[in-house]
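Everything on this sheet refers to the single structure shown next.
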């Protein structure tokens, strides 16, 4: 009587282990790429938040502050250093403001860190031309957010700031 044993041969086991290892390596690679994409997306979200926060802070300070790096007239003086060529202002090199004793300014520009991710937040201003004339009450604001120590910004934001306020009451309607 021949000896017949049921089961898998050594070749079948080796082939199945090889197939499983190829699939496992592929899945690990996909998970690794997904984690990297998630981390990059988180960094970009934080950078956008910081840029919007910086723009809001500068806008508020331009109207309300009497001293500090964001007084509108000081920003206007800085903006007038921008060079106008080929129908547009050349955006000056962004800089980090000197905040002095302002803890809020420092937390936005000098010590910007979210979830242990440090960022550098810088800004530039240029005059705004409307119909070929420079508007004395309007400046273009550029905010740049850099991952700590990186030469290229991860995000940027462009906005406008003004020193105009509503000092008139609205007309009444009857």
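The values are calculated or read from the model by the stated rules, or taken from the named source; none is laboratory data. Here the structure is a predicted model, which is why all the values come from computation and not from measurement. Using ideal geometry, Cβ is built from the backbone for each residue, glycine included, and neighbour counts are taken over all protein chains shown.
A single member of 13, 63 is part of a helix (DSSP H, G or I), farther than 16 Å from residue 119 by Cβ and touching a residue at least 24 places away in the same chain (Cβ under 8 Å), and it is 63. The condition of being within 27 Å of residue 115 (Cβ to Cβ), at pLDDT 90 or above and in a helix (DSSP H, G or I) holds for residue 52.
Taking segment 70-81 as the range and being surrounded by fewer than 18 Cβ atoms within 10 Å (Cβ to Cβ) and assigned to a loop (DSSP other than H, G, I, E, B) as the test, the residues that pass are 71, 80, 81. What residue, among those in segment 150-168 that are at pLDDT below 85 and in contact with a strand residue (DSSP E or B) (Cβ under 8 Å, 6 or more places away or on another chain), is farthest from residue 80 (Cα to Cα)? The qualifying residue farthest from residue 80 (Cα to Cα) is 164. State whether the residues of segment 23-40 include one that is within 15 Å of the chain's Cα centre (by Cα) and surrounded by 10 or more Cβ atoms within 10 Å (Cβ to Cβ). Checking segment 23-40: at least one residue is within 15 Å of the chain's Cα centre (by Cα) and surrounded by 10 or more Cβ atoms within 10 Å (Cβ to Cβ). Residue-level check: of (1) without any contact (Cβ under 8 Å) to a residue 60 or more places away in the chain; (2) part of a strand (DSSP E or B); (3) closer than 17 Å to residue 154 by Cβ; (4) in contact with a helix residue (DSSP H, G or I) (Cβ under 7 Å, 6 or more places away or on another chain), residue 126 misses just (3). Give me a count of the residues in segment 151-165 that are more than 27 Å from residue 129 (Cβ to Cβ) and touching a residue at least 24 places away in the same chain (Cβ under 8 Å). The qualifying residues number 1.
A residue that is in contact (Cβ under 8 Å) with a residue 40 or more places away in the chain, exposed (fewer than 14 other Cβ atoms within 10 Å of the Cβ) and in a loop (DSSP other than H, G, I, E, B) can be found somewhere in segment 106-117.
In segment 82-97, which residues are surrounded by fewer than 17 Cβ atoms within 10 Å (Cβ to Cβ) and closer than 12 Å to residue 123 by Cα? 91, 92, 93, 95, 96 - these are the residues of segment 82-97 that are surrounded by fewer than 17 Cβ atoms within 10 Å (Cβ to Cβ) and closer than 12 Å to residue 123 by Cα.
Filtering segment 129-139 to residues that are surrounded by fewer than 19 Cβ atoms within 10 Å (Cβ to Cβ) and either in a strand (DSSP E or B) or modelled with pLDDT of 95 or more (or both) leaves 129, 130, 133, 134, 135, 136, 137, 138.
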